[in-house]
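Q: Before we start, here is the structure in question, set down as structure tokens.
The values are calculated or read from the model by the stated rules, or taken from the named source; none is laboratory data. For clarity, every value in this text was computed on a predicted model and none was experimentally measured. Positions of Cβ are backbone-derived with ideal geometry, glycine not excepted, and every protein chain shown enters the neighbour counts. For accessibility, only protein heavy atoms count, side chains too; no ligands or nucleic acids. Shrake-Rupley method; radii C 1.70, N 1.55, O 1.52, S 1.80 Å.
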Amino acid sequence: MNHERSGAASRRPTIVVADGLSARQWELHLAAAEIDCGVAAWATPDIATYPAWLESLWLAGAEARTPPLTPGQSHALWRRVIAESSEAGELIAQEGVAAWAAAAWELLHRWQIDPLRERAGAGQLDYRALLGWCRSYRERLEAHGWVDRVELETRLATSLPPTAPPVLLTDLEESHPAREALLARLAASGIGVGHQEAPAAAQPRQRTVRLADTVDELRAALTWARSKLDANPTARVAVVVAGLAERRAEVERVAAAILGPDRGLPVWNGGAALGTDATLGAAFNALTLLAPGTPCTAFGGWLRSRAFAASPAERAGRALLETQLRTELRSQTSFATAYRQCGLAALLDQKLPLSGQQIRAALAVVGATRRATPGRWAHLWSRCLIELGWTPPPTGPRLLGWQSALDELARLTPVLGELSIDAALFELESILASPAPAPAPVRGVHLLSRIEQVGPGYAAAWATGFTDAFWPEAPHGNPLLPRALQRAHGMPRSTPQDARDRSARALERLVRRVPDLIVSWPARVYDYETEPSPAIRAWPLATKDLVEPLDVACATGPRRTRHTVPDPPPAFSGTNLPGGASMLNRQAGNPLLAFCRYRLRARPLEPIGFGLSNRLRGIAVHRALEQLLEHLPAQAALSATSEGDVARAAERGLNDVFASARRPLRALYDLEVEQLMALLAAWLDAERARAPFEVMAVEQRRTVHLDRWTLQVRIDRLDRLADGTVAVIDYKTGDRATSADWFAPRLREAQVPLYAIQAADTLGAAVIARVRPDGTSYSGVWPPDAFRGRSARLAADWPAQVAQWRAQLEELAREFAAGDTRVFLDDSPEHDGAYAPLTRSAELAALARGAAREW
């Protein structure tokens, strides 16, 4: 009985399709009756992809056969062949060339052209290189007894298994000589070979729609798909999005707004790459810490990640440490350098002992291992992640995907042998960049990238992007194969006529199998106008009842209600205002930003760049100037400053900034010392040209009283001028500061006026000194010849000006204490800066200008 069932099952035909998506579509199509009845499970017919079917035939042979290389193994072998070839040094991107070479190898075998017998012409350098790579590839296959799956069609044509079930071919790519030879051999051997066709739509309907641009196209298509599913919740609708891979983030955002979770409409787009998953991406980032050249920023990623177990206190400590490291130059070294040479290990042991222990244990797992097989690396990395406290995703596709990625890496062991850790991480990253398989749902919207992917069973379909530049597809042969060879053998899209014919057949198949089809094109792409594809110019235009709702959807977009919740800020408690002069500067230009920074204490993370940031360079300049002025010299003594004094001041200013990173960043340090010495020399020249003066104070801390509040400030410098009055000097290393900001109706630069009111009785000058490598310049108000340049004029005398400044500063202090959170439309470029997501200042400005009605 069991034998008879087995025999019956063996005679059941296998449906052979192009790929996994096509297999799923046929499975759903053949089970349509069961799905319509609402059953939860059904008998699935034997459906196999064409490569899997070839492999099953190969392994079913009478003698024991070696399984063919997986696609990942084949691609890795191609990359190794090309990397070890004599042409490797001349190639810009070996990864892309390897993909071209593998595709060319497949085309040659499909068209039954033996690359080992081919000869390149005198000028065919690319073809000569390809043939050499093919010979090396073939030699490696034979040396190891490997079988390439590209060769299976040819091998099976002469070595079929004793028995095989009949097959029904459907939705395959267009035929080629190697497949035709195999099918003829199967038929001659008595193995049934047929073709399965999806039933044609009874009364197919095709229409075209012209939309304003690609965004409107996408919105219209998804809105239309939603209406189809609202009318028939059990239906499947296909939306073909031109350039889906490049537009994935945009498509997912618009789809979430139109078909969002609250509507319960499944949306499938083929599955994202495993590496885009936050938990898996955090695991890969952590593994890079084990490589010697990994930037220290990867360690910051580990500290910030919530994918690694830690107590609340430990997590808070990690966040604070990561914030601190961003402000230091050792964050610009590699993690290994920072850990071993710049005191990072000791800092971890001091501030976060548990985290330090985890890092030390993970590094110990790898130890002195410099090269290992991919399988060995996969084993070591799994242990390292355990030591680092990685919390894997719960059981499900993501966890299985991660394990599959490690398994795929391990399969590369026989092909690649021992690798450095950097090379092994590259292989894992490439695997994680591949889309994770996600089965298409039974109902809902399927987002596809090509019309050829629209299989049977869809109730309706919308294809976007049908401009004359997009369709018919342009010819695009393989760049490594001679064009004459491709044309002579009729290889795909090797000629304009072949590309047009293949495009026409693909569109004809789509029209035949989809009962309701809309094809659209954008009237404008970027900054140029378009025309519809000639293939659809004769199609009827969509009727008004379809177009008008779509126009409304595109014009308004997804509507979201704006709610305003009264939440007045509390008055400031206490009398000591935080932030000093910087707070008043923020309050003057952007009160909302001042509130966020100094009341909420919300500060953006320090960006990690290359070299000294403006902030660090400003710190170094101030400390170097403080070194030169610490003995409060008179002008004559300052003019006698030697080159050695300048060098020591520059080194002192930079030593505090570079700290433990000075040795690994020695080249940068030497360049900065040279530049800072030139800056100090130019500053000394400007100081020598001034009228006689005497330095009274440098970096002096003072308490300023404004009405009933106090602020703690640090005055850069106070000089006594020749007439006995005092000059308040503020150093700037940027370009933005100007004394004109002191005299605007609303004070825009509060620092010097705040210092000036402390010396009101003896004040004679208020100065901004721009200290820059190209020279030092002064702006402000001073007595004749006290400083180089033109002095600004006061509207009244110094007592009146100081009284006005005090009144303006007190008003700013009152605003801050009262919780003033206004936004000035024409001020502060920080509207669009790091605080924008918190302040929503861009949206507020748009509403105020009338550029938006809601958000």
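Q: Among the numbered conditions (1) under 23 Å from A506 (Cβ atoms); (2) of a type in the set (G, A, S); (3) outside any loop (DSSP other than H, G, I, E, B); (4) open to solvent by 20 Å² or more (accessible area, probe 1.4 Å), tell me where A178 comes up short.
A: Exception for A178: condition (4).
Q: Still on this structure: Condition check: open to solvent by 40 Å² or more (accessible area, probe 1.4 Å) and in contact with a Ser or Thr (Cβ under 9 Å, 6 or more places away or on another chain). Does A766 satisfy that?
A: no
Q: Another one. How many residues does the range 398-416 hold that are open to solvent by 40 Å² or more (accessible area, probe 1.4 Å), touching a residue at least 60 places away in the same chain (Cβ under 8 Å) and small (G, A, S)?
A: Adding up the residues that qualify gives 0.
Q: From the set of residues in the range 181-203 that are of a type in the set (G, A, S) and assigned to a helix (DSSP H, G or I), which is most open to solvent (accessible area, probe 1.4 Å)?
A: A188
Q: Let me ask another. Of the residues that make up the range 674-693, is at least one modelled with pLDDT of 90 or more and in a strand (DSSP E or B)?
A: Within the range 674-693 (the criterion being modelled with pLDDT of 90 or more and in a strand (DSSP E or B)), the answer is yes, since at least one residue qualifies.
Q: Related question: Can you name every residue in the range 204-223 that is open to solvent by 10 Å² or more (accessible area, probe 1.4 Å), touching a strand residue (DSSP E or B) at 6+ places or on another chain (Cβ under 9 Å) and part of a helix (DSSP H, G or I)?
A: T214, V215, D216, R219
Q: Restricting attention to the range 654-673, and to residues there that are in contact with a Cys (Cβ under 7 Å, 6 or more places away or on another chain) and assigned to a helix (DSSP H, G or I), which single residue is surrounded by the fewest Cβ atoms within 10 Å (Cβ to Cβ)?
A: Looking at residues that are in contact with a Cys (Cβ under 7 Å, 6 or more places away or on another chain) and assigned to a helix (DSSP H, G or I), I get S660.
Q: Considering only residues that are part of a loop (DSSP other than H, G, I, E, B), modelled with pLDDT of 90 or more and in contact with a helix residue (DSSP H, G or I) (Cβ under 9 Å, 6 or more places away or on another chain), which ones fall in the range 709-738?
A: T725
Q: Also, quick follow-up: Looking at the range 327-354 only, could you name the residues that are in a helix (DSSP H, G or I) and either surrounded by fewer than 17 Cβ atoms within 10 Å (Cβ to Cβ) or in contact with a strand residue (DSSP E or B) (Cβ under 9 Å, 6 or more places away or on another chain) (or both)?
A: S331, Q332, F335, R340, A345, A346, D349, Q350, K351, P353, L354
Q: Give the residues of the range 447-457 that are part of a loop (DSSP other than H, G, I, E, B), on the phi < 0 side of the Ramachandran plot and open to solvent by 10 Å² or more (accessible area, probe 1.4 Å), sorted by residue number.
A: Once the filter is applied, which keeps residues that are part of a loop (DSSP other than H, G, I, E, B), on the phi < 0 side of the Ramachandran plot and open to solvent by 10 Å² or more (accessible area, probe 1.4 Å), the range 447-457 yields S449, R450.
Q: Quickly run through the range 570-600 and pick out the residues that are under 32 Å from the mean Cα position of the chain (by Cα) and in a loop (DSSP other than H, G, I, E, B).
A: N590, L600
Q: Do you know which of the residues in the range 593-631 that are among the basic types (K, R) and closer than 30 Å to G819 by Cα is modelled with the lowest pLDDT?
A: Looking at the filtered set, the residue picked out is R603.
Q: State whether the residues of the range 155-168 include one that is surrounded by fewer than 14 Cβ atoms within 10 Å (Cβ to Cβ), in contact (Cβ under 8 Å) with a residue 60 or more places away in the chain and either in contact with a Pro (Cβ under 9 Å, 6 or more places away or on another chain) or closer than 20 Å to R513 by Cα (or both).
A: no
Q: Can you tell me which of (1) open to solvent by 20 Å² or more (accessible area, probe 1.4 Å); (2) at pLDDT below 85 is the one G589 doesn't meet?
A: The one condition G589 does not meet is (1).
Q: Turning to a different aspect of this structure: When you check S791 against the structure, is it open to solvent by 20 Å² or more (accessible area, probe 1.4 Å) and assigned to a strand (DSSP E or B), yes or no?
A: no
Q: Does at least one position in the range 37-56 carry a residue that is open to solvent by less than 20 Å² (accessible area, probe 1.4 Å), modelled with pLDDT of 85 or more and closer than 23 Å to G145 by Cα?
A: Taking every residue of the range 37-56 in turn, at least one turns out to be open to solvent by less than 20 Å² (accessible area, probe 1.4 Å), modelled with pLDDT of 85 or more and closer than 23 Å to G145 by Cα.
Q: Moving on. Can you name the residue in the range 738-763 that is surrounded by fewer than 20 Cβ atoms within 10 Å (Cβ to Cβ) and of a type in the set (G, A, S) and, of all such residues, is farthest from the chain's Cα centre (by Cα)?
A: The residue in question is A760.
Q: Is it the case that the range 423-433 has a residue that's under 18 Å from A298 (Cα atoms), under 26 Å from the mean Cα position of the chain (by Cα) and part of a loop (DSSP other than H, G, I, E, B)?
A: Among the residues of the range 423-433, not one is under 18 Å from A298 (Cα atoms), under 26 Å from the mean Cα position of the chain (by Cα) and part of a loop (DSSP other than H, G, I, E, B), which makes the answer no.
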